[in-house]
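Since the structure comes first, as structure tokens, the remarks are kept for the end.
The values are calculated or read from the model by the stated rules, or taken from the named source; none is laboratory data. Every value quoted in this text rests on a predicted model; they were computed, and no experiment measured them. Cβ placement follows ideal geometry from the backbone for every residue including glycine, while neighbour counts extend to all protein chains displayed.
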Amino acid sequence: MAATHQSSGKSSKARRTRRTGRRDPLAISLLKKDHREVDAMFDEYEQLEDEADKLALFQQIALALKVHTQIEEEILYPEERGEVEDDLLDEAYVEHDGAKKLIAEIEAMQPSDEFYDAKVKVLGEYIKHHVKEEEQPGGLFSQAKKGDEDLDAMGERLKARKEQLTAQLGGQNLS
């Protein structure tokens, strides 16, 4: 008879990290979840052929990235100044700025325009690089976890602001 795996019945949104077995604080787990979701959207975009589908999905990507960058810039980065190396935070702001400019360029275009798909692809690669920088050992998230900030309380603020911005920006026509 095969052994069956029984769940402990406990459900937790914070996931355990591979290296330590400890759970990520809420702020980090929420931001990582955003990273995985937008990565999946870029992967889905690569499979699309219909221009209306591409436009609709890019609008979702743009909204997710605008909200995510804003909550990081309003809450995470300022509160982690002094806990995280200044160079990492400065680079993160510059990377956000570059992504925002590329998003604005793509929003001014249509999927039928020359270079539309290429720009979406480059944006996806740019975001993957940024995510790697934040999540790698010694990166922004790693340094933040070693600091004195209450990252669970910060996670609650990030979550509330994300909901507010999603409602606010999601109601606007993004293109």
Problem set entry | Every pair of residues 6+ apart whose Cβ atoms lie under 7 Å, when the first sits in the range 55-78 and is over 23 Å from Glu44 (Cβ atoms) while the second is among the small types (Gly, Ala, Ser) | Leu76/Ala27; Tyr77/Ala92
Problem set entry | Checklist (1) modelled with pLDDT under 95; (2) crowded, with 19+ Cβ neighbours inside 10 Å applied to Glu83, failing item | (2)
Problem set entry | Hey, Tyr93 under 23 Å from Glu156 (Cα atoms) and of a type in the set (Phe, Trp, Tyr) or not | yes
Problem set entry | In the range 95-124, the residues that are surrounded by 14 or more Cβ atoms within 10 Å (Cβ to Cβ), under 13 Å from Glu51 (Cβ atoms) and not aromatic (Phe, Trp, Tyr) | Met109, Pro111, Asp117, Val120
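With the requirement that a residue be of a type outside the set (Asp, Glu), more than 24 Å from Ala92 (Cα to Cα) and assigned to a helix (DSSP H, G or I), what does the range 112-138 give you?
Start the filter on the range 112-138 by keeping residues that are of a type outside the set (Asp, Glu), which leaves 112, 115-116, 118-124, 126-132, 136-138.
Adding the requirement that they be more than 24 Å from Ala92 (Cα to Cα) leaves 112, 115-116.
Across the range 112-138, the qualifying residue is only Tyr116.
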Problem set entry | Within the range 54-94, tally of residues that are among the acidic types (Asp, Glu) and closer than 19 Å to Lys33 by Cα | 3
For this session: Among the numbered conditions (1) within 15 Å of Leu65 (Cβ to Cβ); (2) in contact (Cβ under 8 Å) with a residue 40 or more places away in the chain; (3) over 18 Å from the mean Cα position of the chain (by Cα), tell me where Lys119 comes up short.
Result: (2)
For this session: Would you check if Arg36 is loosely packed, with under 13 Cβ neighbours inside 10 Å, among the basic types (Lys, Arg) and modelled with pLDDT under 95?
Result: no
Exercise. Looking at (1) in a helix (DSSP H, G or I); (2) modelled with pLDDT of 95 or more, which is the only condition Met109 fails?
Worked result: (1)
